[in-house]
Amino acid sequence: MSESEAMEIDTTAPPADRPEESKVPDNIDEEETEEEQCADLLELLESTDDDAVSAETKIQTLSSILTEPQNRYGPTASSIKERAIYGLARAYCNSGKYDSVVDLLTGSDCSAFFENVTKAKCAKVVREIGR
């Protein structure tokens with residue numbers, strides 16, 4: 001290009017369906033807020049990591065995460081609940097309650113979780129527990 005030629009600049013506004021750059025920090029704030037709102041669930045989950053905790057206590061604590069009254073199913077809460085399901089299956093196996101693992105997946109404890117996540121996530125959880 002020569003110096004006398006001006007470069008064309010598109011002056012049209014961005015489409016309404018395209019997110020604006022200014023909205024990105026809002027999404028980050030929403031994620032941080034959700035993480036803060038799930039701190040109680042995370043604390044309960046982490047309390048079961050200790051080997052000194054009995055299997056029965058782990059089962060009660062992890063079940064309370066899945067049946068919590070606020071019914072949170074955002075990305076953070078779903079991740080915590082998924083980990084709780086794995087922990088519950090492990091606790092049932094460690095205490096010799098193998099039939100309870102089947103009840104866990106088919107009963108009321110996990111039903112709300114499975115209804116609020118994708119089919120792919122449901123399949124992943126079932127496959128992981130079946131290993």
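Things worth noting here:
- Only a single item in (1) surrounded by fewer than 18 Cβ atoms within 10 Å (Cβ to Cβ); (2) over 17 Å from residue 113 (Cα atoms) is not met by residue 71, and it is number (2).
- For beta carbons closer than 7 Å, sequence separation of 6+ or different chains, a first residue in the stretch 104-125 that is among the charged types (D, E, K, R) and a second that is in a loop (DSSP other than H, G, I, E, B), the qualifying pairs are 109/67.
- Residue 25 vs. criteria modelled with pLDDT under 90, open to solvent by 40 Å² or more (accessible area, probe 1.4 Å), out of contact with any strand residue (DSSP E or B) (no Cβ under 6 Å at 6 or more places or on another chain) and in a helix (DSSP H, G or I): yes
- Listed by position, the helices (runs of 4 or more DSSP H) enclosed by the stretch 45-131 that each have at least 1 residues that are among the hydroxyl-bearing types (Ser, Thr, Tyr) and over 12 Å from the mean Cα position of the chain (by Cα) are 55-66, 75-94, 98-106, 108-115.
The values are calculated or read from the model by the stated rules, or taken from the named source; none is laboratory data. Keep in mind the model is a prediction, meaning the values are calculated, not measured. Ideal geometry is used to build each Cβ from the backbone, glycine not excepted, and the neighbour counts take in all protein chains shown. Surface areas here come from the heavy atoms of the whole protein model, side chains and all, with no ligands, DNA or RNA. Shrake-Rupley method; radii C 1.70, N 1.55, O 1.52, S 1.80 Å.
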